[in-house]
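Report on one structure; see the data block that follows.
The values are calculated or read from the model by the stated rules, or taken from the named source; none is laboratory data. Source: prediction; values computed, not measured. In this analysis, Cβ positions are derived from the backbone assuming ideal geometry, glycine residues included, and neighbour counts consider all displayed protein chains. Areas reflect the complete protein model, heavy atoms only, side chains present, ligands, DNA and RNA absent. Shrake-Rupley method; radii C 1.70, N 1.55, O 1.52, S 1.80 Å.
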Amino acid sequence: MALFAVTMAAAAPAGAKCPLGDALHRAEAWMPLTFNGIEPNRFTVDGDGIVVNSKMSASMLYADVSTVDFDTLSWTWTSDGALPPMDLREKGGDDRRLAVSVAFEYENPSESIFRKAIRQMLETIYGANLPGRVISYTWASENAVGTVFDNPYSGADAKTSVIRSGSDTAASMVTVMPKADYRRLFGEDPPPISFIAVFADTDGTGASVTSRLSDLCLR
């Protein structure tokens, strides 16, 4: 999707506070991804950021950043609403208040013929830019900050990194370094980053949570 790159270039005035982030506050930079049989979240994108209303629902917004080279990703997040403690390492217990995921291009020449066939089928359904490995920077309800584990549905190619946990919903700023984290978690140099995504999940608990991401910035 070249839209994000075009919008970003147009939205980066000289001297901007974050020239590689202004476009992330524009609705046209984002695409929805929903899941069969699950009520989607309600997202609102405006000049101040992204508001996510999640009530017995789960879905994400994603933006193509494949033409942008950046080392750090930062944002401010806040949230309202109660989310019961759940262990994200277990299937069915994976509700989360909010997550910002970074997806890397697919690179695995040694993959088995069977897995390559499955991937080709998925690319036919979802598009040729289906990403490879993913790091999901997550605001959990129970898991300890600093823990990293495989997504129980996606396996070792999708890592959940808990960077905030618990019921304190005050605003806080986050800065992550996806490329450095990729080297640490996967033990090799990262391929290019293809997408970033914003995700909330409350369909398992029936909770109602409203969260906001603001000050999104790529550097």
Query raised in the report: Taking amide hydrogens as modeled 1.01 Å from N in the peptide plane, which residues meet the under 5 Å criterion relative to GLY166, leaving out close sequence neighbours?
Result: ALA140, SER141, GLU142
Report task. Sketch the reach of a paramagnetic label on MET56 as a point 7 Å from Cα along Cα-to-Cβ, and name the residues of segment 173-215 whose backbone nitrogen lies under 14 Å away. Result -> 202-209
Report summary line: Given a Förster distance of 25 Å, the FRET efficiency implied by the Cβ-Cβ spacing of TYR106 and MET173, rounded to the nearest 0.05, works out to 0.20
**Report entry** Where TYR137, TYR62, TYR106 fall by accessible area, highest first, once all protein chains stay in place (1.4 Å)
**Finding:** TYR106, TYR62, TYR137
Requested in this report: Pop a pseudo-label 7 angstrom from the Cα along the beta-carbon direction at both ARG183 and THR67 and give the gap in nm to one decimal.
Outcome: 2.8
Report task. Rank by packing, highest mean first: peptides 189-201, 205-217, 66-78, with packing defined as the count of other Cβ atoms within 10 Å averaged across residues. Result -> 189-201, 205-217, 66-78
Query raised in the report: Can you put ARG183, ARG97 in order of accessible area, largest first, using a 1.4 Å probe?
Result: ARG183, ARG97
